[in-house]
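Visitor: Okay, here's the structure, questions in a sec.
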Amino acid sequence: MAQDSLLSRLRGWLQTPAGTCVGIVAGLALMAGAVGIFVYGPSDADTEIDRLRAGGRQVWVFCRDCGYGGQMRVGVDEGFPVVCPKCHQKRAVQGYRCRNCKRIFELPDARQFTCPHCNTLHGGG
Ligand SMILES: [Zn+2]
Ligand SMILES: [Zn+2]
């Protein structure tokens, strides 16, 4: 029964001030480890943000240079204007597709605006 005597010796040692101190430190280390797993563990939100950042977003663009209007993928960190897929000039701004005539025009900086092609009112309440 060597194990029993070792265990009882360890238990007796943990009752001493030095042993108690080691026990508390070991306990704190375990708790810190648990907290670390909780905080830095599986973070789906971060993964999702990374995925979105890498993939960018599908937006309507309108080229001020050649008048191209279409959908393209723009990186999340990328600002407008972006490089036009047609004329390759950095003149493509955020576009808007009219729900009525389906044509694409530059998204105006207003809450309410009318389509320059068919005068349909967009935005607002
Ligand atoms: Zn263009
Ligand atoms: Zn329209």
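Visitor: What net charge do the residues around residue 86 carry, taking every other residue with its C-beta under 14 Å from that of residue 86, with Lys and Arg at +1 and Asp and Glu at -1?
Guide: Neighbour charge sum, excluding residue 86 itself: +2.
Visitor: Return a whole-number percent for the relative contact order of the chain, with Cα pairs under 8 Å and 6 or more residues apart as the contact set. List each step's numbers first, then the result.
Guide: Working: 147 pairs, mean separation 18.4, N = 125.
Over the chain, the number comes to 15 percent.
Visitor: Just from its helices, what would the mean residue ellipticity at 222 nm be for the chain, if runs of 4 or more DSSP H residues each count -39500 (n - 2.57) and the sum is divided by every residue, rounded to the nearest 500 deg cm²/dmol?
Guide: -13000 deg cm²/dmol
Visitor: Over 25 Å, how big is the tail of the calculated P(r) for the chain, in percent of all Cα pairs?
Guide: 58
Visitor: Of 75, 56, 36, which is the most mobile in a GNM of the chain whose springs link Cα atoms less than 10 angstrom apart?
Guide: 36
Visitor: In terms of the Cα gyration tensor, with a ≥ b ≥ c the square roots of its eigenvalues, is segment 79-118 rounded because a/c is under 1.5, prolate because a/b exceeds b/c, or oblate?
Guide: oblate
Visitor: Once whole DSSP H runs in the chain are found, which of them have Cα atoms spread over 27 Å or more along the helix axis and a mean Kyte-Doolittle score of at least 0.5?
Guide: Span-like helices in the chain: 17-40.
Visitor: For segment 71-85, in order, what is each residue's ³J(HN,Hα) by Karplus, 6.51 cos²θ - 1.76 cosθ + 1.60 with θ = phi - 60°, in whole Hz (x at glycine and Pro)?
Guide: Ordered by residue, 3J(HN,Hα) equals 9, 8, 8, 10, x, 4, 7, 7, x, 8, x, 10, 5, 5, x Hz.
Quick note: the coordinates plus some simple rules give every number you see, no bench work behind them. The structure displayed is predicted, hence computed values, not measured ones. Using ideal geometry, Cβ is built from the backbone for each residue, glycine included, and neighbour counts are taken over all protein chains shown.
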